Structure formats: C-alpha cells, structure tokens
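Each remark here refers to the structure printed beneath this line.
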Amino acid sequence: MTAKETPVIRVLVADDRPAVRTALSTVLRLLPGVAVVATATHQRQVAEHTQREQPEVVLLGLTLPGGDPAELTRRLRAEHPATALVVVGSAPADEAVRAVLLAGAAGYLSATPDREAVVRALRVAVASTSGRRPAPRDRREELTAREIDVLGLVAAGLTNAEIARRLSVSEATVKTHLNHAYTKAGLHSRAEAVRYAKQHGIGPADESPPVS
C-alpha cells in the first residue's frame, strides 16, 4: 500500500484550553495517516463538527463549556456510532473521567500526552468502532455523474428534499441515486456516505439541468 492509499484517521480535537488543544493538534499532525479535521472549544461546536466532518475519533476535553461531558458522550455515541470518543483529562481515576468512560468513551488520554500515548489512544478508539464501520469500496469509477452530485450534496449537509430542489429533480429520484451509490460503494448509512464523499474529495455539485 502506497502512502497515497494509506487510510486516514480523521480526528476532531475538542478542548477549550489553548495549550492542550495546540499540543494535541501538533502531535496528531506529525503522525502518518492522521488528519485533524477540526478543533472545537465548546460542546455545541463538537456536535456541529461531528455532524459535518464525520471524524473517526473525537478527543474530548472535560472542561469544554456547554454541559455535562458524559451526556455529550452518550448523545454522540447514539447519533454517530462509527465515531469513537477519547476523553482528555488529568487522571484516569477522576470521577469526571470515569463518568465519560462509562457513558461510552473508548479510552483516556492525558492532557499532556506524548506521541506513543496518542498512537495507543487512536488505535484503541478505532478498534472500538471497527465492527460498526464496514469498509466502503472505492468504486468511484462506477458512480454516475448524478450519483456523485448527490453524494457531494449529502456531504454538504443537505437533506434529500433540499438536494431535490437544488438539482431540480424529485425527492424519489434523489433517493434512487443515493441508493445506487450506497450499493456501488458498499455504504450502509448517511454518515458513511458523508465520510466516503469527504475522503474521496467529492464536494457539492454545481447548479445543473435536471437529470432523472
């Protein structure tokens, strides 16, 4: 497998402490096959970035404003089962850390981690969701132009109804194109479709005439 073909682990760094956020991002960007897709300083941003970017791993700081980190963890695990969370805290024995782990976080990472600790945490996180993330097939050459258009708009966060209006087709036609794309690429959910589109550089379609 060449470097170009190496699977990328997409990571969201969520911590309101600038020093911690910078340290984590710096270590991650030095790791091969890892991409920092976004950073967040508030729980609201975590939910937004997770929905938009569909990262494989969220590094979740305990001090993020916006609510109970354990509750956020439960919500993200329910809404994004293919995304793993790793709690970033001061000590694994802390009650707050244990609460997030009990809520579904895959592991723990010190707020001042070294490279090896980050690598271990990512491995544990990815392994924890491996059964929920069937590997899509790279079958882009089999996708029609309109199927690519639809995937790009799904990745941009549009609903089927919005895509139908954007492309001047019926919602049933959008569903048909999307189902065909799912079958060809081995996708099983909208979240996987978003991830697939982002990983393969499929972006929003331009305005174009109706195609059924």
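The values are calculated or read from the model by the stated rules, or taken from the named source; none is laboratory data. As the structure is a computational prediction, the values presented were derived from the model and not from experiment. Please note: Cβ atoms are built from the backbone with ideal geometry, for glycine as well, and neighbour counts cover all protein chains shown. Accessible surface areas use protein heavy atoms only, side chains included; no ligands, DNA or RNA. Shrake-Rupley method; radii C 1.70, N 1.55, O 1.52, S 1.80 Å.
Closer than 16 Å to ARG195 by Cα and modelled with pLDDT of 90 or more - does that describe any residue in the range 57-64?
Start the filter on the range 57-64 by keeping residues that are closer than 16 Å to ARG195 by Cα, which leaves 57-58.
Restricting the remaining residues to those that are modelled with pLDDT of 90 or more gives 57-58.
Scanning the range 57-64, I find at least one residue that is closer than 16 Å to ARG195 by Cα and modelled with pLDDT of 90 or more, so the answer is yes.
Does GLY203 meet the test of being closer than 30 Å to LEU24 by Cα, open to solvent by 10 Å² or more (accessible area, probe 1.4 Å), modelled with pLDDT under 90 and part of a loop (DSSP other than H, G, I, E, B)? Before you say what the answer is, go through the steps one by one.
Working: closer than 30 Å to LEU24 by Cα: yes; open to solvent by 10 Å² or more (accessible area, probe 1.4 Å): yes; modelled with pLDDT under 90: yes; part of a loop (DSSP other than H, G, I, E, B): yes.
Against the criterion (closer than 30 Å to LEU24 by Cα, open to solvent by 10 Å² or more (accessible area, probe 1.4 Å), modelled with pLDDT under 90 and part of a loop (DSSP other than H, G, I, E, B)), GLY203 qualifies.
With respect to PRO113, is the statement that it is under 30 Å from HIS188 (Cβ atoms) and open to solvent by 20 Å² or more (accessible area, probe 1.4 Å) true? Against the criterion (under 30 Å from HIS188 (Cβ atoms) and open to solvent by 20 Å² or more (accessible area, probe 1.4 Å)), PRO113 does not qualify.
For THR129, the criteria (1) at pLDDT 85 or above; (2) open to solvent by less than 60 Å² (accessible area, probe 1.4 Å); (3) in contact with a strand residue (DSSP E or B) (Cβ under 7 Å, 6 or more places away or on another chain) hold in every case but one, which is (1).
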